[in-house]
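Bear in mind these aren't lab numbers, they're just calculated from the coordinates by the rules spelled out. Computed from a predicted structure; not experimentally measured. Using ideal geometry, Cβ is built from the backbone for each residue, glycine included, and neighbour counts are taken over all protein chains shown.
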Amino acid sequence: MRIVEKSQLMTATEIDRTVQRLAHEIVEKSGGTANLALIGVRRRGVPLANRIAHAMRGIDGVDVPVGTLDITLYRDDLSKVAAQPILQSSEIPFPVDDKDLVLVDDVLYTGRTIRAAMNGLFDLGRPQRVRLCVLIDRGHRELPIEASFVGRSVQTSDSEIIEVRLNEVDGEERVILVERVP
Amino acid sequence: MSYRFNHMLGIEPLTAEEIVFLLDQSKSFQEIQRHPLKKLATLRGKTVALAFFENSTRTRISFATAASRLGADQMNLQAESSSVKKGESLLDTVRTLDAMKPDCIVMRHSSSGAADFVARNLDVPVINAGDGTHEHPTQALLDALTIRDRRGNLDGLNVTILGDILHSRVARSNIHLLSKFGCRFTLCGPPMWLPKELESLGAAGTSIRRVTRIVEALEGADVVLTLRVQQERLHEPALPIGEYILQYQLTPERLRQARPDALVLHPGPMIRGLEIDPAVADGPQSCVLEQVTNGLAVRMALLYLMTSGGADAPSEKDSSHAAD
């Protein structure tokens, strides 16, 4: 099986502009940043959450707390994946009780990662509200989960994959659509 | 980098990289001990068989708690009340357990090599929870995690081990583990527990010296590992208990010979006033309770690594992403 690049969905500038817009939207819909905290889902949700927090500082002058969540232990397919997924640490340096949380991830697809992330969050406490922010929503949900803040919605087929590449993780900055070719 | 472990029988065959991987994976499980809700569903539907052919309280409770926190069910075999007493062979007993389809067997046995023997005869993953005087790998891993947490790394430490080293699987597993990181060892205890053979333990070229005077043994130590003294092994005229306390008890005065930030470890159960002075056991250098908490993290990591995932296959490039 080969993987071929079909098209570029976002450039570095577009990613940056989208992150700025998402930050504004979150602040606006939350009526400020007072009780807000961001949780980046590993791996690429983490740099995105940090960037959104940085953008919020420009808007409100406030440092919104950012945590990271590794969802490996909460996955529902552990007995189906062949290899052993490597655990990374979750670091949430603030109590989540009564917080207004925004989960941040790169791509929303089946919804299973977000289901796992919510299970992980609720082991830590009882947030007042949890919303979801994603850079790309590509459809094909298998669970009743929707994002409150979406960078861009993209129509995709099952054989297509969206790759979000971020400087912090991949050393380059763009979003591409690739396809598995048998 | 990821490694696959079919069994966990001992520290000796592992590489330093594999040990670092296991300690890193254990870190994630340390966090869970601090969660208000400590129970995960990660191993829901899996069964861990705890087969303890030798008495154990803390190790058995630690493994049982680790399995519970991962959501796994348990089968419990305690030799005291089992068919072992009626004369059933080890192989028949574990085959019976295996026929109930556990996903992992955790076993302790008084014979060295018992876990290896079971692993060779069954297809199920086996974790050695102590076999005779051979190895106790999870204890060495939890000790290493404790040392690494306090000091940042394991490299090149001076490690002093006190007590009955001859009969100690904890000492052997610790020497195997720490020698892979270039640690140097001073073994100290009554001469009858310090045979020359101990000098050949550990990675090739490891510095191991045997010392009978405790103040000399503690000089410059970064880590002091105190072993339990089994009173049934102390008998007159070889060594009366009073004499042992006089000569080998770890007291605050003696500990001053070690480096000021030296760590004191004890695998438990700890007999205050015998091998260790209460002031040391409760002092700032003591890691005894951290060891217990870290034991849960290490055992959760091993149970997770050995019972989740399918057959051997190359690891996914980015598994966290593949789920969604």
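General remarks:
- Within chain B, antiparallel bridges make up roughly 5 percent of the DSSP beta bridges whose residues both belong there.
- Cα-derived Rg over Rh, computed across the stretch B:186-295 with Rh taken as Kirkwood radius: 0.96
- Between the exposed loop cleavage positions of chain B, defined as trypsin sites (Lys or Arg not before Pro) in a non-H, G, I, E, B DSSP state with at most 15 neighbouring beta-carbon atoms within 10 angstrom, the longest gap is B:45-212.
- Estimated from helices alone, the mean residue ellipticity of chain B at 222 nm is -10500 deg cm²/dmol (sum of -39500 (n - 2.57) over DSSP H runs with n ≥ 4, per residue).
- Rounded FRET efficiency, nearest 0.05, which uses the C-beta distance separating B:Arg58 from B:Thr96 and R0 of 30 Å: 0.70
- Ellipticity estimate at 222 nm from DSSP helix runs (n ≥ 4, -39,500 (n - 2.57)) divided over chain A, nearest 500: -9000 deg cm²/dmol
- Whole-angstrom gap from the stretch B:125-157 to the stretch B:233-288, using each part's C-alpha centre: 20 Å
- Peptide B:217-227 has a mean shielding of 0, counted as Cβ atoms of other protein chains within 10 Å of each residue's Cβ.
- For residues of A:98-109, the mean tally of beta carbons on other chains within 10 Å: 1
- For the protein assembly as shown: lysine pairs under 18 Å (alpha-carbon distance), excluding those fewer than 8 apart on one chain: 7
- Note on the protein assembly as shown: along the principal axes its Cα atoms extend 84, 53, 41 Å, ordered by decreasing extent.
- On Cα atoms only, tilt of B:16-32 relative to the major axis of chain B in degrees: 80 degrees
- Per the Debye formula on identical point scatterers at the alpha carbon atoms of the stretch B:1-47, with no solvent, log10 I(q)/I(0) at q = 0.15, 0.24 Å⁻¹ is -0.57, -1.00.
- Angstrom value of the Kirkwood radius, inverse mean 1/r, which spans all Cα pairs in the stretch A:1-121: 15.8 Å
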